Amino acid sequence: MSAQTKFPQSENRPLVVLGIESSCDETAAAIVRRDALGNGEILSNEVRSQDAAHAPYGGVVPEIAARAHVEHLDRIVARALMNASLGLDGVDAISATAGPGLIGGIIAGLMTAKGLALVTGKPFVAVNHLEGHALTARLTDGIAFPYLLLLVSGGHTQLLIVENVGQYTRLGTTLDDALGEAFDKTAKLLGLGYPGGPAVEREAASGDRNAISLPRPLMGQDDCNFSFSGLKTAVLHAVNRTHRDDPDLRADICAAFQEAAADCLRDRTGRAMTRFEARHNDLETPVLVVAGGVAANTRLREVLNNLCQARGYRLCCPPHALCTDNAAMIAWAAAERLAGGAADNLDVMPRARWPLDPDAEAVPGAGVKA
Amino acid sequence: MRVLAFDTAMPACSVAVVECGGAGAEILAHRFEPRARGHAEVLMDQIAETMSDAGVGYSDLDRLAVTTGPGTFTGVRIGVAAARGMALGTGLPLVGVTTLEALAAAGAGLTGGSVAAAIDARRGEVYVQCFSNDLTPLSEPCVVTPADAADVLRGHTPLIVGTGARIMRDVCGEAAGFTFDAAAPELSDACHVACRGAVKPSDGPPPSPFYLRAPDAKLPQRKDG
Ligand SMILES: Nc1ncnc2c1ncn2[C@@H]1O[C@H](COP(=O)(O)OP(=O)(O)OP(=O)(O)O)[C@@H](O)[C@H]1O
């Protein structure tokens, strides 16, 4: 970790922060304002997706992503400023994702931000992309600490207790594939294209979720971990047994896959709730926040909503545009850290891997997804 | 014209503030540090220190210059992304200079004739381009095997500079009429980036990385089709 510089933060000062995100295949910049009471407001939020550039490859190609980020970052930042009707002089601090993710892209965004911070002399914050996801619910819904977080994206599937800014307890993670990745692989197996999550959901709508039986890996186990590679293999077998070009069968496989994923989420999240309650037994209405691109899935939301009702939780799903990769969450996480008086030096290292809870037990198969 | 230039495209990190004028160039401050990695971490401190050594602020500069490659993909992006961020933050014009041209500029003083920059591109290839002594390009930049590079350069009888010079000498010796000089620079340096940057038009689009190699990515084989 880089040395932290102190950011002189007087209690009642609002903060306007520029955020940059480039850790995967979205080039994004945003301006967010955090008032003295801790309320957030998005002044602008620009995202340029590279989906079209990666689609022919059936997934994100790191070198292609890094090249595109460098080409577009400065223009996206300029647009974020313009749409917020601000010049850089109206910004109090500069921030960027410093990890985890695809290192080439992270470097591009991080260096753009460092360059901006150097010449403007403004404080700089290197943000953990996962912390961006974790704190979004405070920007959108003003959720108070502590809360339970289910992070389900293309790169991560984790259950965490968000205790405070910079303070996370990981209860579980995937041992292999992330859930979004499993959706994408399923879509690929069925020839549905990339990104696969929305395509699988669309197909599933007309399918019979009981037509095919698929496994629910780890369901019933005492921990809060996930595993989706077995599910993906089962989908592969189901596809091989049948003909993937039969639209009815394709829909049935999608529906069955989505239902298996939903059951896993329900079971694993339920267990995490029990652990959360054991740690924080004084909360009147505990909150479950669901973040990450997979949270867009209506069936998964429905299942989690039912779980929350049964367990007396409030479910908070930030709007889709703030659940997938975006820079507003990066600017917001930076603002939250600055409000606590922390900033970073310009020698911060880009990190492909950066767990939110460095003390969590190692999970060998999880790799960068931990 | 006062130029802040930097280079992270090769196994070195260099920064210079140079007063480039008609009569010549005066280096106000300069840093050159060989390093294989870690450019992203050290670059900003290097720039800040060089600026402070030169005793100038960003508003005292006339333009920024950066190497665009070819070099390591990551190193090229570190420099170009930082430079474009700085240009946005200062409103200063930003120009790109290739590592090949910066190297040739460094070699031009060692000879009265043409200069070829050759950079080790790994995978058995070199990035290569030939320039006249006044740095007019005599060949297109390309990435080729040393033997093919010799074909590109044949007829120009240049002094060969850069990390690829040693490779070229091992492969084709001096037979082809090339000259080698033990004092020839191996790595590009920000001082030359500044001077070359000073003479380029600055009203174009922001400089893009110059990779000379396509990304390593294979299109999936279609099973049906
Ligand atoms: N309706 C949906 N149902 C299921 N999955 C979905 C849906 N919409 C999007 N997804 C999945 O969400 C993922 C993209 O989410 P997001 O942008 O948050 O992730 P990422 O950038 O890949 O990962 P990370 O944020 O961990 O770096 C993809 O895997 C996509 O298939």
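The values are calculated or read from the model by the stated rules, or taken from the named source; none is laboratory data. For clarity, every value in this text was computed on a predicted model and none was experimentally measured. Virtual Cβ from ideal backbone geometry, glycine too; neighbours counted across all protein chains shown.
In the stretch A:182-197, the residue that is farthest from the other protein chains (Cβ to nearest Cβ) out of those that are more than 6 Å from the ligand (Cβ to nearest atom) and either part of a helix (DSSP H, G or I) or surrounded by 23 or more Cβ atoms within 10 Å (Cβ to Cβ) (or both) is A:182. Any residue in the stretch B:191-202 that is in contact with a Gly (Cβ under 7 Å, 6 or more places away or on another chain) and modelled with pLDDT under 95? No, there is no match, as no residue in the stretch B:191-202 is in contact with a Gly (Cβ under 7 Å, 6 or more places away or on another chain) and modelled with pLDDT under 95.
Only residues that are surrounded by fewer than 19 Cβ atoms within 10 Å (Cβ to Cβ) and either touching a residue at least 40 places away in the same chain (Cβ under 8 Å) or not hydrophobic (A, V, I, L, M, F, W, C) (or both) were counted across the stretch A:73-87, and they come to 6. Does at least one position in the stretch A:121-139 carry a residue that is over 18 Å from residue A:322 (Cα atoms), outside the structural domain of residue A:300 (by TED's automatic domain parsing) and surrounded by fewer than 22 Cβ atoms within 10 Å (Cβ to Cβ)? Looking through the stretch A:121-139, at least one residue is over 18 Å from residue A:322 (Cα atoms), outside the structural domain of residue A:300 (by TED's automatic domain parsing) and surrounded by fewer than 22 Cβ atoms within 10 Å (Cβ to Cβ).
Reported count of residues in the stretch A:288-326, each being of a type in the set (Asp, Glu) and buried (at least 22 other Cβ atoms within 10 Å of the Cβ), is 1. Per the conditions (1) in a loop (DSSP other than H, G, I, E, B); (2) surrounded by fewer than 22 Cβ atoms within 10 Å (Cβ to Cβ), the sole criterion not satisfied by residue A:350 is (2).
Filtering the stretch A:156-170 to residues that are assigned to a strand (DSSP E or B) and either more than 13 Å from the ligand (Cβ to nearest atom) or not β-branched (Val, Ile, Thr) (or both) leaves A:158, A:159, A:160, A:161, A:162, A:163, A:164, A:167, A:168, A:169, A:170. Taking each residue of the stretch A:15-42 that is more than 16 Å from the ligand (Cβ to nearest atom) and looking for partners that are of a type in the set (S, T, N, Q) with beta-carbon atoms closer than 6 Å, six or more apart or interchain, yields A:17/A:95; A:31/A:44; A:36/A:12. Taking the stretch A:40-129 and the helices (runs of 4 or more DSSP H) fully enclosed by it, the elements with 1 or more residues that are within 13 Å of chain B (Cβ to nearest Cβ) and touching a His at 6+ places or on another chain (Cβ under 8 Å) are at A:62-83, A:103-120. One residue stands out in the stretch A:251-263 among those that are within 16 Å of the ligand (Cβ to nearest atom) and not small (Gly, Ala, Ser): the one that is nearest to the other protein chains (Cβ to nearest Cβ), namely A:253. In the stretch B:10-65, what residues are part of a strand (DSSP E or B), among the β-branched types (Val, Ile, Thr) and out of contact with any Ser or Thr (no Cβ under 8 Å at 6 or more places or on another chain)? Selection gives B:18, B:27. Tell me yes or no: at least one residue of the stretch A:138-155 is near the ligand (Cβ under 9 Å from one of its atoms) and in a strand (DSSP E or B). Taking every residue of the stretch A:138-155 in turn, at least one turns out to be near the ligand (Cβ under 9 Å from one of its atoms) and in a strand (DSSP E or B). Does the stretch A:280-303 hold any residues that are away from the ligand (no atom under 13 Å from the Cβ), within 18 Å of residue A:225 (Cα to Cα) and not β-branched (Val, Ile, Thr), and which are they? The answer is A:288, and nothing else.
The rows are residues; the columns are (1) of a type outside the set (A, V, I, L, M, F, W, C); (2) more than 14 Å from chain A (Cβ to nearest Cβ); (3) surrounded by 16 or more Cβ atoms within 10 Å (Cβ to Cβ); (4) not in a loop (DSSP other than H, G, I, E, B).
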position: B:152; (1), (2), (3), (4): no, yes, yes, yes
position: B:177; (1), (2), (3), (4): yes, yes, no, no
position: B:181; (1), (2), (3), (4): yes, yes, no, no
position: B:191; (1), (2), (3), (4): no, yes, yes, yes
position: B:219; (1), (2), (3), (4): no, no, no, no
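When each of B:134, B:181, B:120 is tested for being of a type outside the set (A, V, I, L, M, F, W, C) and at pLDDT below 95, the lone residue that passes is B:181.
For the stretch B:144-165, does any single residue satisfy the condition of being hydrophobic (A, V, I, L, M, F, W, C) and touching a residue at least 60 places away in the same chain (Cβ under 8 Å)? No, that holds for no residue. Going by the conditions given, is residue A:324 more than 14 Å from chain B (Cβ to nearest Cβ), polar (S, T, N, Q) and more than 12 Å from the ligand (Cβ to nearest atom)? No: the conditions fail for residue A:324.
Regarding residue B:40, is this residue more than 11 Å from chain A (Cβ to nearest Cβ) and free of Cβ contacts under 8 Å to residues at least 40 places away in the same chain? No. Every condition in (1) of a type in the set (A, V, I, L, M, F, W, C); (2) closer than 30 Å to residue A:76 by Cα; (3) surrounded by fewer than 21 Cβ atoms within 10 Å (Cβ to Cβ) is met by residue A:329 except one, and the failing one is (3). Of all residues in the stretch A:225-246, which are out of contact with any Ser or Thr (no Cβ under 8 Å at 6 or more places or on another chain) and touching a residue at least 12 places away in the same chain (Cβ under 8 Å)? If the condition is that a residue be out of contact with any Ser or Thr (no Cβ under 8 Å at 6 or more places or on another chain) and touching a residue at least 12 places away in the same chain (Cβ under 8 Å), then A:229, A:230, A:231, A:234, A:236, A:238, A:239, A:244, A:245 are the ones that fit. Of the residues examined, residue A:266 is one that is within 16 Å of the ligand (Cβ to nearest atom), more than 14 Å from chain B (Cβ to nearest Cβ), crowded, with 16+ Cβ neighbours inside 10 Å and farther than 30 Å from residue A:95 by Cα.
Residues are listed down the side, and each one gets a yes or a no for (1) among the aliphatic types (A, V, I, L, M); (2) under 28 Å from residue A:51 (Cα atoms):
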position	(1), (2)
A:196	no, yes
A:206	no, yes
A:231	yes, yes
A:235	yes, yes
A:257	no, yes
A:260	yes, yes
A:263	no, no
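Within the bounds of the stretch A:97-113, is there any residue that is surrounded by fewer than 24 Cβ atoms within 10 Å (Cβ to Cβ), among the aliphatic types (A, V, I, L, M), farther than 26 Å from residue A:36 by Cβ and in contact (Cβ under 8 Å) with a residue 40 or more places away in the chain? Scanning the stretch A:97-113, I find at least one residue that is surrounded by fewer than 24 Cβ atoms within 10 Å (Cβ to Cβ), among the aliphatic types (A, V, I, L, M), farther than 26 Å from residue A:36 by Cβ and in contact (Cβ under 8 Å) with a residue 40 or more places away in the chain, so the answer is yes.
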